[in-house]
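Heads up: the structure comes next, in structure tokens.
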């Protein structure tokens with residue numbers, strides 16, 4: 001394949017990637033966009049395999065087929081609730097691959113000495129790629145539950161992390177000065193691997209949406225760095241696109257919790273060590289039952305359902321869909337209020353509800369749902385807590401300034417919860433004690449099934 | 001050095017394009033967007049093929065081959081799972097899923 005043909009294929013692939021990413025951003029074209037991006041990747045892979053520099057096609061075929069089978073199996077078998085784990089695994093593999101490519105290229109033959117630029121880019125690729133790899137392993141462990149999801153704190157963690165980072169930056173300069181021996185490269189990878197673990201392990205489970213977004217961004221940046229080592233503009237282009245996407249999602253997630261990235265990284269939020277508030281005992285809640293709530297819902301004209309992660313844990317999506325259908329059939333307007341951090345990664349709750357066949361245009365974000373809250377008859381909060389806590393408006397609160405679903409502005413509120421326990425933030429929720437709030441103490445799935453049954457029996 | 005500068009141009013402009021493209025994506029698509037972007041980050045597969053396939057043998061080839069497997073899982077799995085999710089998204093009025 002002549003060089004210009006390869007360049008032409010790469011440019012076409014780059015164009016398709018950008019157009020595909022654009023199409024991914026709109027519900028009606030998203031599927032086509034994903035297919036375009038996949039096509040771009042296939043084109044680039046085929047063009048690369050035809051490159052004259054590649055001789056051992058048999059070995060590569062083994063690697064490609066092994067990877068494709070594994071990838072297809074994972075994609076096919078994963079449950080939608082486990083999507084954040086899968087994305088963490090894929091992030092880690094992508095970052096790991098970029099680190100390996102950067103390292104292998106520097107170690108490869110024909111490099112009487114890579115240029116200073118390539119060496120520094122390689123160092124950055126190894127650093128970011130390895131951090132992504134090990135950080136994703138820990139994030140996966142926390143999401144899956146075999147690494148404790150509470151923040152694991154250890155003394156001097158900020159100092160240790162800072163020292164490791166400084167050592168890595170010094171190593172990058174050292175490599176730029178021409179020291180690209182295997183020992184240096186492996187030492188860089190090992191230290192970066194350790195840093196990735198130390199950066200993610202102190203972060204609590206509730207902050208995983210931020211971590212997953214950030215690691216997504218890193219995996220892109222690592223690919224771009226590998227592109228600099230190889231002098232391959234397509235890697236740089238694609239890596240930068242992904243890096244940007246991850247950064248934007250990270251920012252959105254931080255804003256949804258009203259916290260800075262530094263606060264997420266070092267704040268050790270969601271420790272659960274803050275006990276339930278002392279005043280919880282002196283106030284009373286109105287305990288209700290499925291029959292009473294069904295009556296309220298069945299004769300409402302507008303109902304807003306606020307799903308939290310508890311709904312997904314209880315696998316209550318399909319019961320929720322049934323209840324929604326029954327209410328809609330009675331002429332009730334039903335919409336869902338989705339807080340950005342309702343799931344374990346950005347947009348996770350939307351996927352879980354889509355799986356239960358709930359149309360995406362019923363799922364509203366805060367800006368869409370809050371202005372209409374005052375003309376809403378009933379808000380049903382299922383398995384959510386902090387995201388409906390009116391205390392967020394109080395500057396003295398631990399969650400001050402966090403954007404919330406303004407459930408307390410509705411005419412009446414139903415909270416479905418197993419008990420009066422506090423949320424991730426470990427603080428009390430005044431919403432539960434309002435006069436117009438009914439508490440339905442139950443498992444989310446059971447409650448939704450009961451409500452559906454009771455609504456069906458209404459005249 | 002010219003290569004470097006050129007790469008930097010591509011990087012900076014692509015970051016800007018990425019930010020402009022992603023900024024207005026509705027929250028409902030954030031998960032598929034992230035897993036799709038994630039698949040794209042497996043682009044380092046191209047580099048992996050080049051370093052693993054140059055027939056040099058030795059350490060560099062072994063690392064490259066590991067990278068081929070890693071990146072292929074990322075690319076194939078990423079695009080497939082994104083498609084699986086997007087299949088489920090439908091509007092209120094159309095009963096069968098779109099596309």
Burial-style ranking of A:41-47, A:122-128, A:15-21, average other-beta-carbon count within 10 Å with highest first, yields A:122-128, A:15-21, A:41-47
Using only helices, what value at 222 nm comes out for chain B when you add -39,500 (n - 2.57) per DSSP H run of length 4 or more and divide by the total residues, to the nearest 500 deg cm²/dmol?
-25000 deg cm²/dmol
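Which shape class, rounded, prolate or oblate, goes with region A:376-437 when its Cα gyration tensor gives a ≥ b ≥ c as root eigenvalues, a/c under 1.5 marks rounded, and past that a/b bigger than b/c marks prolate?
Details: a/c = 1.90, a/b = 1.28, b/c = 1.49.
Here region A:376-437 falls in the oblate category.
Take every Cα-Cα pair in region A:135-179 and report what % of them are more than 12 Å apart.
Values: 706 of 990 pairs.
Of all Cα-Cα pairs in region A:135-179, 71 percent lie more than 12 Å apart.
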Using a 10 Å cut-off on Cβ to Cβ distances, tally the other chain neighbours for every residue of A:359-366 and report the average as a whole number.
4
Given the DSSP H assignment, sum -39500 (n - 2.57) over each helix run of at least 4 residues in chain A and divide by its residue total; what's the result at 222 nm in deg cm²/dmol, nearest 500?
-19000 deg cm²/dmol
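Is the shape of region A:61-152 best called rounded, prolate or oblate, per the rule: a/c under 1.5 gives rounded, else a/b larger than b/c gives prolate, else oblate, with a ≥ b ≥ c the square roots of the Cα gyration tensor eigenvalues? Don't skip to the end; give the middle numbers.
On the way: a/c = 4.04, a/b = 1.62, b/c = 2.49.
Taking the square roots of the gyration eigenvalues as a ≥ b ≥ c, region A:61-152 is oblate.
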Roughly what % of Cα-Cα distances in region A:17-171 sit above 18 Å, to the whole percent?
75 percent
For peptide A:79-89, how many partner chain Cβ atoms fall within 10 Å of a residue's Cβ, on average?
3
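At a temperature of 4 °C and a viscosity of 1.567 mPa s, determine how fast region A:1-77 diffuses translationally according to Stokes-Einstein, using the Kirkwood radius over alpha-carbon pairs as Rh; express D in µm²/s, rounded to the nearest whole number. Walk me through the intermediate numbers first.
Numbers: Rh = 13.9 Å.
Roughly 93 µm²/s, to the nearest whole number.
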Expressed as a whole number of Å, what is the distance separating the alpha-carbon centroids of region A:6-57 and region A:135-170?
35 Å
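Test of understanding: express the Cα radius of gyration of region A:278-457 as a ratio to 2.2 N^0.38 Å, with N the residue count.
On the way: Rg = 14.9 Å, N = 180, 2.2 N^0.38 = 15.8 Å.
Taking N as the residue count of region A:278-457, the ratio is 0.94.
Listed highest first by mean packing, meaning other Cβ atoms within 10 Å per residue, what order do A:358-367, A:199-208 come in?
Details: A:358-367: 18.6, A:199-208: 23.1.
The peptides rank, most packed first, as A:199-208, A:358-367.
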List, largest first, the extents of the alpha carbons of region B:27-88 along their principal axes, each in whole Å.
47, 16, 12
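Sort B:41-54, A:158-171 by packing, meaning the average of other beta carbons within 10 Å per residue, with the highest value first.
On the way: B:41-54: 29.6, A:158-171: 14.5.
Order by mean packing, descending: B:41-54, A:158-171.
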Write down the radius of gyration of region A:329-410 and its Dmax, each obtained from C-alpha positions, in Å.
13.3, 44
Taking every residue of A:48-55, the Cβ atoms of other protein chains inside 10 Å of its Cβ average out to 4
In whole Å, largest first, what are the principal axis extents of the Cα atoms in the protein assembly as shown?
81, 54, 35
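Taken together, the values in this text are just the output of simple stated rules run on the coordinates, not laboratory data. As the structure is a computational prediction, the values presented were derived from the model and not from experiment. So basically every Cβ, Gly included, is an ideal-geometry build from the backbone, and we count neighbours across all protein chains shown.
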